Amino acid sequence: MRYTPRTQALRSALAASIALTVIGAAHAAPPAGRLLAAQCAQCHDLDGNGRGFEELAGESASEIYHELVEMKNRTRIESIMDRQARGYTDAQMRALAAYLASLPGGGD
Amino acid sequence: MQTLNRRKFLSLTAAAAGAAALPPQSRAVGARVVVLGGGFGGASVARYLRMWNPGVAVTLVEPNATHVSCILSNLVVTGLLSMNRINLSYTALRNNRGVQVVQGRALGIDTGGNRVTVSTANGNVTLGYDHLVVAPGIDFVPPPGNWNPSLTPHAWQAGPQTTLLRNQLATLGNNDRFVMTIPKSPYRCPPGPYERACMVADYLKRKGRTGATVTVLDANPSIQAEPEAFTRAFNVTHAGRILYVPNAVVQSVDSASRSIVTSAMSVSNAKVLNIIPAHRAGAIGASLGVNAGGFVPVDPLTYAVSGVANVHVIGDACAVPASDGKAVPKSGHMANSEAKVCADAILRALNGEQPDTNIATSSACYSPITSRSASWLSANFIYGDIYDANGGIKGKGMHRVDLGEAPAGEVNQDSYQDMFTWADSLFYDSFA
Ligand SMILES: Cc1cc2nc3c(=O)[nH]c(=O)nc-3n(C[C@H](O)[C@H](O)[C@H](O)COP(=O)(O)OP(=O)(O)OC[C@H]3O[C@@H](n4cnc5c(N)ncnc54)[C@H](O)[C@@H]3O)c2cc1C
């Protein structure tokens, strides 16, 4: 599922509802991109824990997506990230970038 | 009980926003998941299940009071880190994530009755489950001969074995010989044994042990991971200190005299004999059925064991379908990665949904080459068609889309520092 401003707005409405924080987690299909984005948490701080490499929260979806594309296409590999970026399709990078940008601390 | 689809649910909740309570209709709430084994795989799956749905009750069964990480353990063997540094506590999982941790060893799984028998200090207990995740890591296949790991340690499961090998290494004097074996692939952490050889050679240099050497008896025909970095390390960085012997299949071991016979070379009375035997799935996992290699075949979308309802195996114990020659490596990073896919699939199943097919897994290892430099290895997998050696499609699985090691210029001190950044982040993402 593509992440659209409409789903974003719906999700904000959800977050506002107290009951939903518990029941919503159990009911709704997991947010698109959540599982893919979790594959970044071995190395990146997604929840303000202060560990890992560059913190990704705080970047917009398009910033993250474009950085990933740039690293994926880099011909002279320098960082382990240049390799990890090769592990995802374009659609997957869009989905996980949108999810990462929706995390607390992140902003569009 | 009926499950609402996402769209219906959203409109319902939008309408009900502000209402005092909503009916607790999810089948996931109150579900019981039992996890056997608190290593990288088991801890991560427990953590993510609770993070993603605090309504699910998760019980983690583990015989040890803390987990001792294999990751970074070669630095403990060679005296660069203390044991504390790789001791990972379950306190955060218990207190911050609400995982119930039971100190005990699973004895048997009643797959028909959906329950596990666990031996604890207070006797046997029985735990019922809706889903069971089995993450016991590895057991060793005893090598031929008289093998005794308390005389010739493997230090391939961290803990007392790590301390034993460290203490034995400390006795190595000038002109003494450290001999180690590497089993045929697949074994856990493909670069790990080569990393150990490098770190021991570096130790001998740092301690000024003249004439002391490391002999690497590798059952494989060639270096199994980061071939460029390790070839350079063996031939240049540690030249004269490491003797690398490929195709050395162990034929007999005598731990008492620290002697070994292999198909390529024999050594009598080594000062230290570090036997890393071949692996198989940990026994409780193996009880579910293994392939010819001794590991439990699983569905790559759910890590479910075929024919056994609601039982999943993750981490080193499982065998993931993959393209020929592009196996999914057994690593802590990968066990953590698989745990997330498994947790997501369990939560979907509890809500009556199909597993996600748009999935990816990954692995990363940082390998110290000296006490100041490290290399790294990265591997990525995407679900889809998998291929045989001739390029024909052989089914569905995790296809390796990328594999690579650090370029020569990056085998440096920055990577050595990155190793700790990565390890601490992975420790957090699995145990905190
Ligand atoms: C020297 C060395 C270096 C390594 N370096 C790296 C690295 O750089 N990067 C990397 O990603 N990986 C590395 N690894 C590999 C990594 O340690 C393993 O792949 C990882 O630990 C696998 O996780 P697991 O959860 O499958 O098994 P484990 O972490 O071994 O955990 C299994 C747990 O199950 C418990 N258990 C077993 N049987 C039972 C039972 N019956 N009931 C209850 N509990 C049970 C055990 O006590 C254990 O705690 C290294 C390994 C070694 C040896």
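Rule-based calculations on the coordinates, nothing more; no lab input. Since the model is a prediction, treat every value here as computed from it, not as a measurement. Cβ coordinates were reconstructed from backbone atoms using ideal geometry, including for glycine residues, and neighbour counts include every protein chain displayed.
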| Label points 7 Å out from Cα along the Cβ direction at residue B:249 and residue B:265: separation in nm? | 1.9
| task | Working from Cα positions, state the angle (0 to 90°, nearest 10) between the long axis of helix B:413-431 and the longest principal axis of chain B. | result | 40
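What FRET efficiency comes out for residue B:358 versus residue B:92 if R0 is 41 angstrom and r is the Cβ-Cβ distance? Round to the nearest 0.05.
Working: r = 30 Å, r/R0 = 0.74.
Working from the Cβ atoms, E equals 0.85.
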| note | So, with points 7 Å from each Cα along the Cβ direction, the residue A:66-residue B:171 label distance in nm works out to 6.3
| request: Round to the nearest 10 and give me the degree value, 0 to 90, for the angle of helix B:40-52's Cα axis relative to the longest principal axis of chain B. | output: 20
| task | Just tell me which lysines come within less than 30 Å, Cα to Cα, of residue B:394; anything on the same chain fewer than 8 places away is out. | result | A:72, B:184, B:326, B:330, B:340
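Using 1/(1 + (r/R0)^6) with R0 = 30 angstrom and r between the beta carbons of residue B:163 and residue B:32, what's the FRET efficiency to the nearest 0.05?
Working: r = 37 Å, r/R0 = 1.23.
Once the sixth-power term is evaluated, E becomes 0.20.
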| query | Distance from the Cα centre of the range B:197-268 to that of the range A:67-90, in angstrom? | reply | 34
| said: With angles folded into 0 to 90 degrees, how steeply does helix B:6-16 sit against the dominant principal axis of chain B? Use alpha carbons for both and round to 10. | reply: 60
